[in-house]
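Engineer: Quick one: this structure, given as structure tokens, is what I'll be asking you about.
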Amino acid sequence: MAKRVRPKKYEKVGRPAHRPTPENRRLVELAAAVGTPHHDIAKLIGTGTRQLLRDYPDELELGKIRANVKIGGTLYNAAVKGNVTAMIFWQKCQAGWRETPQRVEHTGADGRPIATANVNAEANDADAMRAYLAMIQQASTGETA
């Protein structure tokens, strides 16, 4: 049986401490700018999510802010130059424009139910036409069947 080795009294165990580098700071800011989830950014730089939030709070916040400013500026410039789609999008997002949905209602005359006629499948064309004309006459006079 192997002899159990005990760590020295002050020997550190676990993952080595993470030290933020300028390269990691740029990488975190870029990843945050494109919307990468925090847990994926943490894996990318080799640390945990809690450590990422502790060591890179400014990069996480500024990455998204800078991306929004750049995209917003590009959208604004496109709208000013005459891009109609950009203009409409800007107005919807910034000026509160809304498209009102068109409402289609299926009703008969004066909001009543749509008139229907039951025609026997064995009826000839003349009988079907009489039933149809009777239905139209009832609908126009407001009678109900």
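Engineer: How about segment 42-79: which of its residues are hydroxyl-bearing (Ser, Thr, Tyr) and buried (at least 16 other Cβ atoms within 10 Å of the Cβ)?
Structural biologist: 47, 56
Engineer: Additional query: Just need a number here: residues in segment 84-138 that are at pLDDT 80 or above, part of a loop (DSSP other than H, G, I, E, B) and among the small types (Gly, Ala, Ser).
Structural biologist: 2
Engineer: Looking only at segment 32-41, how many residues end up being part of a helix (DSSP H, G or I) and surrounded by fewer than 19 Cβ atoms within 10 Å (Cβ to Cβ)? Can you show your working first?
Structural biologist: Residues of segment 32-41 that are part of a helix (DSSP H, G or I), as a first pass: 32-33, 38-41.
Checking which are surrounded by fewer than 19 Cβ atoms within 10 Å (Cβ to Cβ) leaves us with 38-40.
Number satisfying all stated conditions: 3.
Engineer: Moving to a separate point now. Confirm whether residue 95 is exposed (fewer than 10 other Cβ atoms within 10 Å of the Cβ) and aliphatic (A, V, I, L, M).
Structural biologist: For residue 95, the condition - exposed (fewer than 10 other Cβ atoms within 10 Å of the Cβ) and aliphatic (A, V, I, L, M) - is met.
The values are calculated or read from the model by the stated rules, or taken from the named source; none is laboratory data. Computed from a predicted structure; not experimentally measured. Glycine gets a Cβ as well: all are built from the backbone with ideal geometry, and neighbour counts include every protein chain shown.
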